[in-house]
Amino acid sequence: MLRYANVYGPGQVPRGEAAVVAIFTENLLRGRPCVVYRYPDEPEGMLRDYCYVEDVARANLLALEGGGGEVLNIGTGRATSTLELHRTLVRAFLRHGVDLPRELRDPRFGPPRPGDLRRSCLDPGRAARRLGWRPQVSLEEGLERTVRWRLSLQR
């Protein structure tokens with residue numbers, strides 16, 4: 001059985017609380033500000049482990065071949081703040097030639113929502129040992145691919 005971190009990538013729809021990459025992407029394309037929810041003592045927002053969809057698909061294939069029914073964490077093991085995620089996504093848009101207005105390049109901030117976890121980051125060590133799986137796509141590259149895909153829908 002596989003336990004996933006926050007999976008993102010092409011095809012993700014911007015609905016629900018677990019789709020922050022898709023939500024931020026749509027907001028930026030439609031000229032709407034993004035909101036980073038945060039606790040007062042954590043100014044950069046919640047910490048999450050973001051794993052690219054192709055890495056997750058590869059983990060599934062490896063688990064079918066030899067997972068042995070164990071519970072394995074599929075994630076990067078790297079905690080990324082929501083503010084860092086937003087900044088990296090903005091940079092990806094700018095590299096793709098999207099002229100984001102200044103007011104969209106910085107997010108708005110809001111208080112945590114009921115049930116918001118401060119940190120969620122998985123240790124993928126057992127998946128590495130049992131399956132030989134390690135994430136291959138960095139957050140920066142994954143967001144680049146996601147932005148490229150989303151922009152291709154507009155053509």
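The values are calculated or read from the model by the stated rules, or taken from the named source; none is laboratory data. Remember, predicted model here, so these are calculated numbers, not experimental data. Neighbour counts are summed over all protein chains in view; Cβ atoms, including those assigned to glycine, are modelled from backbone coordinates with ideal geometry. Note: accessible area is taken over every heavy atom of the protein model, side chains too, but ligands, DNA and RNA are not part of it. Shrake-Rupley method; radii C 1.70, N 1.55, O 1.52, S 1.80 Å.
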In terms of modelled amide H atoms, which long-range or inter-chain residues lie less than 5 Å from the amide H of Leu47? Arg119, Ser120
What accessible surface, in Å², does a 1.4 Å probe find on Ser120, ignoring ligands, DNA and RNA and rounding to the nearest 10? 40
Taking the chain and dividing mean pair separation by its residue count, relative contact order in percent (alpha carbons under 8 Å, at least six apart): 34
The answer for Arg38, listing residues at least 5 apart or on another chain whose modeled amide H is closer than 5 Å to its amide H, is Gly110
In order over the range 118-128: 3J(HN,Hα) from phi, Karplus 6.51/-1.76/1.60, θ = phi - 60°, whole Hz, x for each Gly or Pro, gives 6, 8, 9, 9, 9, 9, x, x, 5, 5, 5
Only helical DSSP H runs with n ≥ 4 go in: add -39500 (n - 2.57) per run for the chain, normalise by residue count and round the 222 nm mean residue ellipticity to 500 deg cm²/dmol. -12000 deg cm²/dmol
Semi-axes of the equivalent ellipsoid for the chain, Cα gyration tensor, largest first, Å: 28, 19, 12
Enumerate the helices in the chain for which the Kyte-Doolittle hydropathy averages -0.5 or more and the C-alpha atoms extend at least 15 Å along the helix's axis, using complete DSSP H runs. 53-66, 82-95
For Trp149, Trp133, give me the order by solvent-accessible area with a 1.4 Å probe, most accessible first, ignoring ligands, DNA and RNA. Trp149, Trp133
Kindly provide the trypsin sites (Lys or Arg not before Pro) of the range 17-48 that DSSP labels as loop, not H, G, I, E or B, and whose Cβ sees at most 12 other Cβ atoms within 10 Å. Arg30
Which value, in Å² and to the nearest 10, is the accessible area of Tyr39 when all protein chains are kept and the probe is 1.4 Å? 40
Largest-first ordering by accessible area, 1.4 Å probe, given options Val13, Val7: Val13, Val7
Out of the GluC sites (Glu not before Pro) in the range 14-90, which ones are loop residues according to DSSP with at most 16 other C-beta atoms within 10 Å? Glu17, Glu44, Glu70
Bin all alpha-carbon pair distances of the range 69-132 at 10 Å intervals from 0 and give each bin's fraction as a whole percent. 17, 31, 27, 20, 5
Accessible area in the full protein assembly, largest first, 1.4 Å probe, for Val53, Val147: Val53, Val147
Can you check how the C-alpha radius of gyration of the range 3-92 compares to 2.2 N^0.38 Å, as a plain ratio? 1.22
